[in-house]
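K.L.:
Okay, handing you the structure first.
We did not get these values from a lab; they are worked out from the coordinates using the rules stated. Just so you know, these numbers come straight off a predicted model, no measurement behind them. Note: ideal-geometry Cβ built from the backbone for every residue, glycine included; neighbour counts use all protein chains shown.
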Amino acid sequence: MNAALQLDRFTVSLGDLEILKGVDLTVPFGELHVLMGPNGSGKSTLCHALMGKNGYTSSGSVLVGGTDLAGLGVDQRARAGLFQAFQYPVEIPGVPLDALITEMRSNDEDAFDERVEQMSGRLGMDNFLSRSVNVGLSGGEKKRSEMFQLAVSAPRMAVLDEIDSGLDVDAVREVAELVESLRKPDLGILIITHYSRILRYMRPDRVHVLVDGRIVRSGGSEVAEQLDSDGYEQWRRDNVGRPSALPDDLSGEF
Amino acid sequence: MINLDSFALKNISRGEPAWLSAERNEAFAIFERLPMPSSKEELWRYVNIDFDIGDYLLPVEPGCVEVSPLEGAATLDVVDGLAIGSGTRNPDFTLIPLALDRTEDRNDSTRYSSPGSGHDKFSAAHRAFGTDGASIRVPEGRVVREPLVVRVQSTLPGSISFPRVMIDIGPSAQASVVIRLSSPDLLETVVVPEIDVMLGPAANLDLTVNQVWGDTTTSLGRTRIEADRDANITFAEVGLGGALSRLYLAVDLLGVGSSAKIVGAYFGDEKQVLDYRYFMRHARENTTSEMFLKGAVDDEALSIFTGMIRIEEEAQRTNAFQTNRNLLLSDQASAQSVPNLEILANDVKCGHGSTVGPLDAEQRYYLMSRGLDRDRADQLQLKGFFEDALSRFPVSTELDSVRERVHAKYERTQSADRV
């Protein structure tokens, strides 16, 4: 069976700079994975390159629900079932959220409308629908708006970039519980984060550690606990001097 | 139709009060003396006037127009510079032909004078040859909730017309006025519309100008607003039509505590030139002004906004802000945005922001990541860009049709690009 997300030797450059140096990662349907890494490890690059943002060149393969994303534009990737929740969702003045939601409506109109109805009630979005997208929202409200859009788009694979950044403890718990509540057998979720605190409120199936453009460790939640006590420095040290042609033994499925 | 010459002047002046003939003669002398404007003059920078005013003729009677239903509290049609019908009078307001108002009100010559209006050839021609238009008066304390609508149309090929709208809002009176400027496409015509607004103490006016000239109309307009003590004006202009459409706006906040909110939205395509020269003068203390204009240019269109805020020495505790944002939708299009501040007082809050650039790449990326293709993403972003200005417009029946026109214009240029 296809996975929600499957990366094979995924390499990404920004200009001449190689940032991701061959990432292998599989998120099966129904699972929630966490990708952790220090600043500059390539976490946000991974998000943007998956989404097909201009300026990133990539090689290797990316499959979402079995669909090869190679050569697809940003909107085509979204329609293929990939959803990205942004770390810093851009403000779009003059465009109310409900206008965007209307534009997002695809072929399954009835089901879409039902999701909008149900999720706006559940996430308390009613007051936000008539407001411009992300304009004047607090950090927590922006994340909630991203979660709302995720839920109504019903993607096959959701990548949540630094979904816990800029939030206080209560808001982190709220977002984490929200993500847990969105888990479904036909959805893969990848949470990208710097800190392990959000993991206190969710039960990830796997945790991956990204350092210097490579996945250096994958495992259960004990990986995050180890990070909590020892930090990222151990992985950096371990990684020093490793021949760049042979990173794969440390990545992917441990 | 007749030539703009001394013979025409004599004909027009016949039967008019002496002060008016004198003013016409004075303006005619200026008109004859002044050359056609040149882009070398600061006030006409970036604009190339490639015709001679003498090649156009003055209508002596209005052309045929379809009878449109009345709108708002009252409607007056001004066709080819001449008002149709006798207008509306009631205790709350009068909306009548300007010529009629002038004959009935012979002694009040100062009301019709417009100092400085002879500053260029077109304005001088307007003073010399303009005969009619609309006169709106709202007496002291009256409140007119429904808009008073003036529909200015140009219908005769090869004509030059001089419609004038005079608006006089009495002390503590309140009104809203909508002026629509229109002409058919493919009709080559020149219009020199002038709007004069006088606001009494504590008067309130919402004035919306909806400029939807046809694609070969040239419009060289001038609007003057004077606000007395504690008066408030909202002036909103949407500029969509015309081969060249220019608006020279002069707002004088003459009374203590008066305020002006100036908003605008314009969208040029093909080879359109949309030219805005806005002057905001704070003469007295505690006055407030805010200018907020957003525009887009596509194809080979050009837009110009020069905004001058002048704060006189006496105008302490003044707030004045100016924002002009421009979207370039094609490589060939250009937008000039020139803010100016002249501050003679020392206790003021003043600021300006001006931008010219393409659609925002981050907004496009965000919208496309939600599954919208590039065209739909850009269209939504453009709608939002204009909505930011249109949401500041006075509430009027026109606003929905303005939105439709803006979106239709964008869809048209989008589909043209695909050909």
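K.L.:
Could you tell me what % of all Cα pairs in segment A:5-250 have separations over 27 Å?
P.N.:
Counting pairs separated by more than 27 Å, the tail of P(r) holds 35 percent.
K.L.:
How big is the shadow of the Cα convex hull of segment B:6-255, averaged over all directions, in nm²?
P.N.:
Hull-based average projected area comes out at 12.7 nm².
K.L.:
Enter the per residue convex hull volume of segment B:240-337, computed from alpha-carbon coordinates, in Å³ rounded to the nearest integer.
P.N.:
Per residue, the Cα convex hull of segment B:240-337 comes to 70 Å³.
K.L.:
Follow-up. I need the helices of chain B that pass two filters: whole DSSP H segments spanning 27 Å or more by Cα along the axis, and mean Kyte-Doolittle score no lower than -0.5.
P.N.:
What comes out of the filter, once short or polar helices are dropped, is none.
K.L.:
For chain B, modelled as a GNM with alpha-carbon contacts under 10 angstrom, which of B:K349, B:K121, B:K271 fluctuates the most?
P.N.:
Highest fluctuation of the listed residues: B:K349.
K.L.:
Where a Cα-Cα gap under 20 Å defines reach, which aspartates and glutamates qualify for A:K21, not counting those fewer than 8 residues away within the same chain?
P.N.:
Here the aspartates and glutamates satisfying the reach criterion relative to A:K21 are A:D8, A:D68, A:D161, A:D212, A:E233, A:D238, A:D248, A:D249, A:E253.
K.L.:
Using a Gaussian network model on chain A with a 10 Å cutoff between Cα atoms, which of A:V179, A:V135, A:V27 fluctuates the most?
P.N.:
Result for chain A, Cα springs under 10 Å: A:V135 fluctuates most.
K.L.:
Right, another one. Counting only the backbone N, which residues of segment B:272-290 are under 11 Å from the spot 7 Å out from the Cα of B:E314 toward its beta-carbon?
P.N.:
B:283-285
K.L.:
In nm, to one decimal, how far is the modelled label at A:L17 from the one at B:L344, with both set 7 Å along Cα→Cβ?
P.N.:
5.4 nm
K.L.:
Would you please report the Å³ per residue occupied by the convex hull of the alpha carbon atoms in chain B?
P.N.:
143 Å³
K.L.:
A further question on this structure: Say the cut-off is 28 Å between C-alpha atoms; which of B:K10/B:K40; B:K10/B:K121; B:K121/B:K271; A:K43/B:K383; A:K142/B:K349; B:K271/B:K383 go over it?
P.N.:
Correct reply: B:K10/B:K40; A:K43/B:K383; A:K142/B:K349.
K.L.:
While we're looking at this one, here's another question. Given a Förster distance of 56 angstrom, what is the FRET efficiency for A:S229 paired with B:S86, based on the Cβ-Cβ distance and rounded to 0.05? List each step's numbers first, then the result.
P.N.:
Working: r = 90 Å, r/R0 = 1.61.
Computed FRET efficiency for A:S229 and B:S86: 0.05.
K.L.:
May I pose another question? Once you have the Cα-Cα distance between A:H194 and A:N39, take 0.36 nm times their residue separation minus that, and quote the gain in nm to one decimal. Numbers along the way, then the final one.
P.N.:
Values: separation 155, 0.36 × 155 = 55.80 nm, distance 0.73 nm.
Gain on extension, A:H194 to A:N39, equals 55.1 nm.
K.L.:
Report, in deg cm²/dmol and to the nearest 500, the calculated mean residue ellipticity at 222 nm for chain B, where each DSSP H run with n ≥ 4 adds -39500 (n - 2.57) and the sum is divided by the residue count.
P.N.:
-6500 deg cm²/dmol
K.L.:
About its Cα centre, what dipole magnitude does the protein assembly as shown give when the only charges are +1 on Lys and Arg Cβ and -1 on Asp and Glu Cβ, stated in debye to the nearest 20?
P.N.:
Dipole about the Cα centre, nearest 20: 520 debye.
K.L.:
If I take the Cα coordinates of the protein assembly as shown and project them onto the principal axes, what are the three extents in Å, biggest first?
P.N.:
Extents along the principal axes: 101, 50, 49 Å.
K.L.:
While we're on this one: For chain A, with a Gaussian network of springs between Cα atoms less than 10 Å apart, report the residue from A:L187, A:L160, A:L72 with the top mean-square fluctuation.
P.N.:
A:L72
K.L.:
Given points 7 Å out from each Cα along the Cα-Cβ axis, report the A:D98 to A:E114 separation in nanometres with one decimal.
P.N.:
2.2 nm
K.L.:
Still on this structure, I have one more. What FRET efficiency comes out for the pair A:R9/A:V169, r = Cβ-Cβ distance, R0 = 41 Å, nearest 0.05?
P.N.:
Step by step, r from the Cβ atoms, then E = 0.60.
K.L.:
Would you mind ranking B:C350, B:C64, A:C47 so that the residue whose beta carbon has the fewest other beta carbons within 10 Å leads the list?
P.N.:
Ranking B:C350, B:C64, A:C47 by Cβ neighbours within 10 Å, fewest first, gives B:C64, B:C350, A:C47.
K.L.:
If you plug each phi of segment B:70-80 into the Karplus form 6.51 cos²θ - 1.76 cosθ + 1.60 with θ = phi - 60°, what whole-Hz ³J(HN,Hα) values come out, in order, with x for Gly and Pro?
P.N.:
The phi angles translate into 5, 10, x, 6, 6, 9, 10, 9, 10, 10, 6 Hz.
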